[in-house]
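What follows draws every value from the coordinates through simple rules; no lab data is involved. Keep in mind that what you see is a predicted model, and the values were worked out from it rather than measured. FYI the Cβ positions are ideal-geometry reconstructions off the backbone, even for glycines, and counts take in every protein chain you see.
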Amino acid sequence: MDFKERYGPWVVVAGASEGTGRSFARQVAAKGLSCVLVAKHGPLEETAEEIRRESEVDVVTAKIDLAGDDAAAGIIAAVGGREVGLYISNAGADWAGERFLEHDIEDWLSLSHINVDTMLRCAHHFGRAMKDRRRGGILLVNSGACYGGSKYLAIYCAAKAFQLNFAEGLWSELRVYGVDVLSIVLGRTDTPGYRQRRADRGLIVGSAEDEGLASAEDVAIQGLERLPFGPVHNVGLEDDDAMFGSSAAGRREKAVMLETIVMEGSGYKPETDL
Ligand SMILES: NC(=O)c1ccc[n+]([C@@H]2O[C@H](COP(=O)([O-])OP(=O)(O)OC[C@H]3O[C@@H](n4cnc5c(N)ncnc54)[C@H](OP(=O)(O)O)[C@@H]3O)[C@@H](O)[C@H]2O)c1
């Protein structure tokens, strides 16, 4: 199957107006998929118009706050009867960068809601239909923060660790049904959001080259290339690269496979409805 057959006809990109979300949407559209683009505000309509112009695919926009309790329901309503073959959970950066106790709990809960609740509800809804069709993809945009806790980032690290482990488990469950799951782990990446967060702290960000930032385009290229080869890809690294120590993607895949064998050996039945 080519990309469109495998992941089409529609993609949902949650957090699509700028940065990596916009790059994912543009590149997927260039492969012939129609797009449902979700963002809170930002240049959503401009991005939609750009994609229609570039790729001549259908583009639907939905202004939804992914931190809202009804965000997933809103996305599902916006999708309506369209067949979603690819779900990309992109938004989820930490805007606060503060100590846990020194920041409003409601903001932390919002951050957790985007990365956990809304992502889970969408993965569950769209994943079920993909499983029935025996094809599709779920791509979760993650951060190196998923590999351990850090001062100023306690909730962000915890939410991204949740995403990582969820992606690994779901990958193991859905791979036999032809549904691909990938957690793409980013380092510092040149997005408007990244630059804004630095500016909010009074920090000036130079050129991407000087600062050693990945580009949003490269992240999207790698994410789409590696989607069939989950559960984890660390941007800019080979799968067996040990830069993240025990978190090299190849090692994590082996650990998930081993755990699956142990579970099946201890009474958890392998799939019978293949
Ligand atoms: N940039 C980096 O250096 C970096 C590093 C590691 C990981 N990551 C990960 O990469 C992903 C993208 O990061 P980013 O830097 O581009 O910033 P981001 O704020 O997570 O994502 C930006 C996109 O998501 C939308 N968005 C943000 N909050 C939203 C909300 N509550 N509801 C709906 N849409 C929302 C933004 O549009 P609106 O604001 O208009 O809604 C924009 O289109 C995140 O998951 C982040 O954790 C980024």
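Quick one: longest stretch of the chain between exposed loop trypsin sites (Lys or Arg not before Pro), exposed meaning at most 10 other C-beta atoms within 10 Å and loop per DSSP? Walk me through the intermediate numbers first.
On the way: sites that count: LYS151, ARG201.
Longest gap between qualifying sites, sites excluded: 1-150.
Ranked by Cβ crowding within 10 angstrom, fewest neighbours first, how are ILE221, ILE114 ordered?
Working: ILE221 15, ILE114 23.
The fewest-first ordering by Cβ neighbours comes to ILE221, ILE114.
Hey, what does the equivalent ellipsoid look like for region 3-265, semi-axes from the Cα gyration tensor as sqrt of 5 times each eigenvalue, largest first, whole Å?
Values: eigenvalues 124, 115, 69 Å².
Values for region 3-265, descending: 25, 24, 19 Å.
How much of the DSSP bridge set in the chain is antiparallel, in percent, rounded to the nearest 5?
Details: 0 of 32 bridges.
Of those bridges, close to 0 percent are antiparallel.
Over region 1-64, consider all pairs of different Cα atoms and compute the Kirkwood hydrodynamic radius from their mean reciprocal separation; express it in Å, one decimal. If you can, show how the numbers build up before the last one.
Numbers: mean 1/r = 0.0892 Å⁻¹.
Computed over Cα pairs of region 1-64, the Kirkwood hydrodynamic radius comes out at 11.2 Å.
To make sure I understand, if each residue's beta carbon is the centre and we count other beta carbons within 10 Å, what order do MET1, MET257 fall in, fewest to most? Kindly include the intermediate steps, with their values, before the conclusion.
Details: MET1 9, MET257 13.
In order of increasing Cβ crowding within 10 Å: MET1, MET257.
At a Förster distance of 35 Å, what's the computed FRET efficiency of LEU274 paired with ILE221, Cβ-Cβ distance as r, to 0.05? Provide the component values of the computation, followed by the final result.
Numbers: r = 32 Å, r/R0 = 0.92.
Working from the Cβ atoms, E equals 0.60.
Based on other C-beta atoms within 10 Å, arrange ILE184, ILE204, ILE88 from fewest to most.
Numbers: ILE184 27, ILE204 8, ILE88 31.
Fewest-to-most ranking of ILE184, ILE204, ILE88: ILE204, ILE184, ILE88.
Run through region 201-258 and list the GluC sites (Glu not before Pro) located in a DSSP loop whose Cβ has at most 16 other Cβ atoms within 10 Å.
Answer in residue order: GLU238.
With each label point set 7 Å from Cα along the Cα-Cβ vector, what nm distance links TRP95 and ARG53?
Here the answer is 2.8 nm between the modelled labels.
Of all GluC sites (Glu not before Pro) in region 79-168, which ones are in loop regions per DSSP and have a Cβ with at most 12 other Cβ atoms within 10 Å? Don't skip to the answer; put the middle values down first.
Details: sites: GLU83, GLU98, GLU102, GLU106, GLU168; in loops: GLU83, GLU98.
Those that pass, being in a loop and sparsely packed, number zero.
So if each residue of separation counts as 0.36 nm, and I subtract the Cα-Cα distance between ASP107 and ASP2, what length gain in nm does that give?
Result for the pair: 33.7 nm of gain on full extension.
For a bin width of 5 Å, list the pair-distance distribution of region 188-274 built from all Cα-Cα distances, rounded to whole %.
Spelled out bin by bin, region 188-274 gives 3, 12, 14, 14, 15, 13, 10, 6, 5, 4, 3, 0 percent.
Once every DSSP H run of n ≥ 4 in the chain is given -39500 (n - 2.57) and the sum is divided by its residues, what mean residue ellipticity at 222 nm do you get, rounded to the nearest 500 deg cm²/dmol? Could you put the intermediate results ahead of the total?
Numbers: 11 runs with 123 residues, N = 274.
It comes out at -13500 deg cm²/dmol, rounded to the nearest 500.
Taking 0.36 nm per residue of sequence separation and subtracting the Cα-Cα distance, how much length would be gained by fully extending the chain between MET257 and ALA199, in nm to one decimal? Write down the numbers at each step before the final one.
Numbers: separation 58, 0.36 × 58 = 20.88 nm, distance 4.25 nm.
The MET257-ALA199 span can extend by a further 16.6 nm.
Please report the spacing between the Cα centers of region 143-198 and region 23-59 in Å, no decimals.
When both Cα centres are located, 23 Å separates them.
Past 27 Å, Cα to Cα: identify those pairs from LYS63/LYS151; LYS4/LYS131; LYS4/LYS269; LYS4/LYS160; LYS151/LYS254, in the order given. Can you show the working numbers first?
Values: LYS63/LYS151 33 Å; LYS4/LYS131 17 Å; LYS4/LYS269 33 Å; LYS4/LYS160 29 Å; LYS151/LYS254 30 Å.
LYS63/LYS151; LYS4/LYS269; LYS4/LYS160; LYS151/LYS254, as the Cα separations exceed 27 Å there.
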